[in-house]
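As structure tokens, the structure follows; a few thoughts come after it.
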Amino acid sequence: MAVEKSDDLVALCKRRGFIFQSDEIYGGQKGLYTFGPMGVELKNNLKQAWWKTMVWQRDDVEGLDASILTSPNVLKYSGHESTFTDPLCDCKDCKSRWREDQLTDSTCPSCGSKNLTEARPFNLMFKTAIGPVDDGSSFAYLRPETAQQIFTNFKNVLDSTSRSIPFGIGQMGKSFRNEITPGKFIFRVREFEQMELEFFVKPGTDEEWFKYWVQARIDWWVEQGIKKENLEILEAPSNDLSHYSKATTDLLYKFPHGFEELEGIANRQDFDLGSHTKNQAEFDISADVMENKDSTTKLAVQDLETKKWYIPYCIEPSAGVERGVFALLNEAYKEEEVDGKTRVVLGLKPHLSPIKAAIIPLKRNNEDLVNQAKDIKNTLQKLGMGRVMLENSGNIGKSYRRHDEIGTPICITVDFETLEDKAVTVRDRDTMEQKRISISELASYYEKYFD
Ligand code: ATP
């Protein structure tokens, strides 16, 4: 995709209330973004779609919503305190700071100098004081991934739901990383949301489940509207695996700046439950874990046949919400020539569209038309597909343009004839076809968009 289109997409995001730079009125904060009225709907719809597929539609997954502030012990035994670092170089000339792996020919991307410091490790976790006295003795981390508290709550979920292996725990929510070089719009930010599943399996079945989840996640992104040809699979070479991983497959999406990670699927083996468990010596842990003297709980299950206790393996599909939103907006953005004019349209799948239908009275503030439009809005709203909007602008052309640009699947116009014949004009976003439909049939017509 051409860079111009990326700029157009970023401009549309601001113009139509999808995404704003955070704290813009004070000059903006790098790597922090705010989702506006349309953005919050799109983001929630994407998360809802993930939750439906990964939790509701399955019989082997439970949900969780754990705290963001995380005890240092959790992130000590997870390995984040010691290994969640990026190697950093400083430019001695212009004083800018860069990730070593993002430099070309050891040259400062800002001023071109080769006068750089040796790389030093920089921990990406944010810390904050807990309690009223900020003397450094009591602190918490803002979690750098949602996964860790799934592991520490493993026993709580297991005992409260009577699950047995294989089963998973899904969680969506904020994660924080003090990225050195945030950028590429919302691709790399410092505060973002993840949608993570930790799926626990019997050792020995892990490779099969790993393959299963890679395919399931590709299929899911395609269902959300990502074209198959814009996805690529990258298997991490064994010398480039994270400290916990036996195998990792990244799903790369063709972002405007090139193919980059949208979601990662990792075989975390028994690393995390093994790290956080009490009495590690009782188990045959295959991952390289740190000795744990602080845990109060055994994170193990009993094999029903052999009666032996073991630590399950874990397969983790982990997706970023912001990267998902970026990819879906990029896929959906189209410019078309219509009657000599450019029409910008977001071809989002209807279940993701921020507004599901716009109801437009032909004349602004005409009481009869507006009341009829409100009736229709309330009826469609009750069907539970998402937000339905009353568009009382009195300007049909302008309303169509706006709703094309935010991806509303249908616009419904209430005119003076409606008051007589109880029918409305329905316009389809993609075909721009207009049909006269009786109000009594409107609900079933509308629902078909979401089949
Ligand atoms: P990258 O290599 O791009 O930094 P990562 O491998 O560190 O990503 P993971 O730790 O696997 O990422 O996190 C899982 C998912 O969380 C990623 O696939 C991505 O969608 C999302 N994610 C991670 N870091 C960020 C970030 N800084 N901004 C936005 N999303 C992120």
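Brief remarks follow.
- In segment 187-204, the residues that are more than 21 Å from I68 (Cα to Cα) reach residues that are within 12 Å of the ligand (Cβ to nearest atom) and not charged (D, E, K, R) with C-beta atoms within less than 7 angstrom, at least six apart or across chains, in these pairs: F187/F255; F187/F326.
- Condition met for F255 (of a type in the set (F, W, Y) and closer than 19 Å to M195 by Cβ): yes
- Residue check for G386: open to solvent by 10 Å² or more (accessible area, probe 1.4 Å) and modelled with pLDDT of 95 or more: yes
- Enumeration of residues in segment 16-36 that are open to solvent by 70 Å² or more (accessible area, probe 1.4 Å) and touching a residue at least 24 places away in the same chain (Cβ under 8 Å): K30
- Segment 223-248, residues that are surrounded by fewer than 20 Cβ atoms within 10 Å (Cβ to Cβ) and β-branched (V, I, T): I233
Yes/no per residue for (1) modelled with pLDDT of 90 or more; (2) at positive phi; (3) touching a Ser or Thr at 6+ places or on another chain (Cβ under 6 Å); (4) in a loop (DSSP other than H, G, I, E, B):
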position: G112; (1), (2), (3), (4): yes, yes, no, yes
position: E118; (1), (2), (3), (4): no, no, no, yes
position: T128; (1), (2), (3), (4): yes, no, no, no
position: V133; (1), (2), (3), (4): no, no, no, yes
position: G136; (1), (2), (3), (4): no, yes, no, yes
position: E145; (1), (2), (3), (4): yes, no, yes, yes
position: Q149; (1), (2), (3), (4): yes, no, no, no
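- Reported count of residues in segment 158-186, each being open to solvent by less than 10 Å² (accessible area, probe 1.4 Å), closer than 18 Å to F199 by Cβ and among the β-branched types (V, I, T), is 1.
- Number of positions in segment 319-378 that are hydrophobic (A, V, I, L, M, F, W, C), open to solvent by less than 10 Å² (accessible area, probe 1.4 Å) and not in a helix (DSSP H, G or I): 10
Results for (1) closer than 28 Å to F167 by Cβ; (2) not aliphatic (A, V, I, L, M), shown as yes or no for each residue.
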{"position": "D7", "(1), (2)": "no, yes"}
{"position": "I25", "(1), (2)": "no, no"}
{"position": "Q57", "(1), (2)": "yes, yes"}
{"position": "C91", "(1), (2)": "no, yes"}
{"position": "R99", "(1), (2)": "no, yes"}
{"position": "P109", "(1), (2)": "no, yes"}
{"position": "S113", "(1), (2)": "no, yes"}
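- Qualifying positions in segment 305-350 - in contact (Cβ under 8 Å) with a residue 12 or more places away in the chain and charged (D, E, K, R): E316, E322, R323, E331, K334, E335, R343, K349
- Hey, N239 out of contact with any Leu (no Cβ under 8 Å at 6 or more places or on another chain), within 16 Å of the ligand (Cβ to nearest atom), farther than 19 Å from A147 by Cα and not aromatic (F, W, Y) or not: yes
- Extreme residue, surrounded by the most Cβ atoms within 10 Å (Cβ to Cβ), among residues of segment 131-146 that are among the hydroxyl-bearing types (S, T, Y) and away from the ligand (no atom under 16 Å from the Cβ): S138
- Single unsatisfied condition, I315 versus (1) buried (at least 23 other Cβ atoms within 10 Å of the Cβ); (2) within 16 Å of the ligand (Cβ to nearest atom); (3) under 30 Å from G407 (Cβ atoms): (3)
- Residue list for segment 199-242, filter: in contact with a Gly (Cβ under 8 Å, 6 or more places away or on another chain) and within 27 Å of D303 (Cα to Cα): F199, F200
- Number of residues in segment 249-283 that are under 23 Å from I311 (Cβ atoms) and either touching a residue at least 60 places away in the same chain (Cβ under 8 Å) or crowded, with 22+ Cβ neighbours inside 10 Å (or both) equals 13.
- Among the residues of segment 190-201, those identified as in contact with a Phe, Trp or Tyr (Cβ under 7 Å, 6 or more places away or on another chain) and either away from the ligand (no atom under 16 Å from the Cβ) or open to solvent by 10 Å² or more (accessible area, probe 1.4 Å) (or both) are R190, E191, F200, V201.
- Residue among V61, V74 that is open to solvent by less than 20 Å² (accessible area, probe 1.4 Å), touching a helix residue (DSSP H, G or I) at 6+ places or on another chain (Cβ under 6 Å) and hydrophobic (A, V, I, L, M, F, W, C): V61
- Residues that are open to solvent by less than 50 Å² (accessible area, probe 1.4 Å), of a type in the set (A, V, I, L, M, F, W, C) and under 26 Å from the mean Cα position of the chain (by Cα) do occur in segment 122-130.
The values are calculated or read from the model by the stated rules, or taken from the named source; none is laboratory data. A quick note: this is a predicted structure, and the numbers were derived from the prediction, not measured. Every residue, glycine as well, gets a Cβ built from its backbone with ideal geometry; the counts of neighbours run over all protein chains shown. These accessible areas exclude ligands, DNA and RNA; they are computed on the full protein's heavy atoms, side chains included. Shrake-Rupley method; radii C 1.70, N 1.55, O 1.52, S 1.80 Å.
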